[in-house]
Ligand code: MLT
């Protein structure tokens with residue numbers, strides 16, 4: 001029989017709360033998606049989904065925790081591009097994203113925004129490029145550690161500009177943005193799911209968006225590509241994972257709840273307001289997440305190795 005089959009049928013999965021592990025600080029972009037998703041999914045599952053923030057080492061502590069958790073259908077992980085970049089960034093990664101997990105499906109794609117503190121001298125991206133090249137390591141760039149998309153975006157930006165900033169890592173971009181708002185750091189590349197209200201209230205300077213095309217939520221903001229950084233693109237994607245060996249019935253049930261949530265009007269409206277785009281149905285399946293992850297590992301590995309950024 002299938003692993004966990006009879007026990008699961010008897011107990012009527014899920015029969016108690018489910019943990020959804022978030023690899024970054026509470027209140028940040030990943031947390032916002034996780035909490036909204038969890039609330040929508042719990043309606044279908046009839047059990048609460050408890051978000052558990054386990055920040056550290058750019059998301060790899062949380063992924064390690066879930067890879068080693070009991071595969072009983074009660075622990076899941078939501079993670080972004082960091083799942084695919086970690087193998088190139090960490091020489092001693094304690095897990096293999098391609099072999100140590102069961103896959104549930106993708107969730108939503110999110111654009112990033114390049115921000116400066118309110119009183120940073122450059123007024124626009126053209127001025128920022130000059131300022132960055134002139135000031136290099138005097139510029140403090142906040143990020144959420146190696147494996148965070150804020151770090152990935154910053155790495156690509158420094159590559160494109162041919163300059164090197166001083167990186168200041170945080171447990172997530174929630175505290176990183178607080179530092180930017182307080183003027184303790186100069187620059188942050190972060191997701192619209194957290195940055196839009198601060199941009200609209202002009203509490204930060206917006207230099208551009210990281211998608212190839214302009215976005216609906218910030219129609220006046222130029223893309224980085226428009227400002228001369230040809231082909232510059234960072235789009236954040238999200239996957240839901242479970243420990244390898246999680247019973248297929250639990251994965252199927254969790255996936256069904258995921259797909260229902262991705263059609264839920266309250267959830268989809270909230271995501272749209274935050275600039276996030278729900279993935280098409282074809283990407284909401286375990287098999288599509290697994291093959292997408294493989295393609296992302298293959299895409300980012302060479303780029304990261306070329307940049308020479310890694311942790312021992
Ligand atoms: C967060 O939730 O704090 C972010 O996703 C971190 C990041 O990857 O930049």
Ranked highest first by the average count of other Cβ atoms within 10 Å around their residues, in what order do 263-271, 81-89 fall? 81-89, 263-271
FRET efficiency for residue 282 and residue 213, Cβ-Cβ distance as r, R0 = 30 Å, nearest 0.05? 0.90
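What number does the range 147-253 give for Rg over Rh if you use C-alpha atoms and the Kirkwood radius?
With Rg and the Kirkwood Rh in hand, the quotient comes to 1.06.
Could you compute the FRET efficiency for residue 303 and residue 15, with r as their C-beta to C-beta distance and R0 at 45 Å, rounded to 0.05? Present the calculation step by step, with values, prior to reporting the outcome.
Values: r = 44 Å, r/R0 = 0.99.
It comes to 0.50.
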Sorted peptide list for 14-27, 273-286, criterion being average Cβ within 10 angstrom, highest first: 14-27, 273-286
Place a point 7 Å from the Cα of residue 99 in the direction of its beta carbon; the residues of the range 52-90 whose amide N falls under 20 Å from it are 60-61, 63-71, 83-90
Could you sort 58-70, 156-168 so that the peptide with the highest average Cβ count within 10 Å comes first and the rest follow in order? 58-70, 156-168
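Computed over the Cα atoms of the range 78-224, what is the convex hull's projected area averaged over all directions, in nm²?
Working: hull surface 37.5 nm².
If you wrap the Cα atoms of the range 78-224 in a convex hull and average its projections, you get 9.4 nm².
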To the nearest µm²/s, what D does Stokes-Einstein give for the range 211-256 at 4 °C and 1.567 mPa s, using the Kirkwood radius over alpha carbon pairs as Rh? 93 µm²/s
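Just the Kirkwood number for the range 216-286, please: inverse of mean 1/r across all distinct Cα pairs, in Å, one decimal. Don't jump to the answer; show the numbers that get you there.
Working: mean 1/r = 0.0669 Å⁻¹.
After inverting the pairwise mean of 1/r, the radius is 14.9 Å.
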Considering only 12, 172, 147, give the residue with the highest GNM mean-square fluctuation for the chain, with springs between Cα atoms whenever their separation is below 10 Å. 12
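If you stretched the chain out fully between residue 263 and residue 61, how much longer would it get, using 0.36 nm times the residue separation minus the C-alpha to C-alpha distance?
Working: separation 202, 0.36 × 202 = 72.72 nm, distance 3.10 nm.
Answer, rounded to one decimal: 69.6 nm.
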On Cα atoms only, tilt of 248-261 relative to the major axis of the chain in degrees: 50 degrees
Tilt relative to the chain, helix 286-307 - C-alpha long axis, 0 to 90 degrees, to 10: 30 degrees
Could you give the semi-axes, largest first, of the ellipsoid that matches the range 7-141, computed as the square roots of 5 times the alpha carbon gyration tensor eigenvalues and rounded to whole Å? 37, 19, 11
For the chain, alpha-carbon Rg relative to the globular expectation (2.2 N^0.38 Å, N residues): 0.99
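If each residue of separation counts as 0.36 nm, what is the full-extension length gain between residue 272 and residue 256 once their alpha-carbon separation is subtracted? Intermediate values should be presented prior to the final figure.
Details: separation 16, 0.36 × 16 = 5.76 nm, distance 2.15 nm.
Fully extending the segment from residue 272 to residue 256 adds 3.6 nm.
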Once label points are set 7 Å from the Cα along Cα→Cβ at both residue 226 and residue 138, what is their separation, rounded to one decimal in nm? 3.0 nm
Principal axes first, then extents: for the Cα atoms of the range 83-166, list largest minus smallest coordinate on each axis, whole Å, largest first. 47, 29, 19
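Give me the number: length gained by fully extending residue 166 to residue 48, i.e. 0.36 nm times residue separation minus the C-alpha to C-alpha distance, one decimal in nm.
Numbers: separation 118, 0.36 × 118 = 42.48 nm, distance 4.14 nm.
Extra length available between residue 166 and residue 48 comes to 38.3 nm.
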Return the FRET efficiency for the residue pair residue 310, residue 202: r is the Cβ-Cβ distance, R0 is 35 Å, and the value is rounded to the nearest 0.05. 0.40
Jot down the radius of gyration and Dmax of the range 153-206, Cα atoms only, both in angstrom. 11.5, 32
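Every number here is computed from the coordinates shown, using simple stated rules; none is lab data. Since we're looking at a predicted model, the values are computed, not measured. Cβ atoms come from the backbone with ideal geometry, glycine included; neighbour counts cover every protein chain shown.
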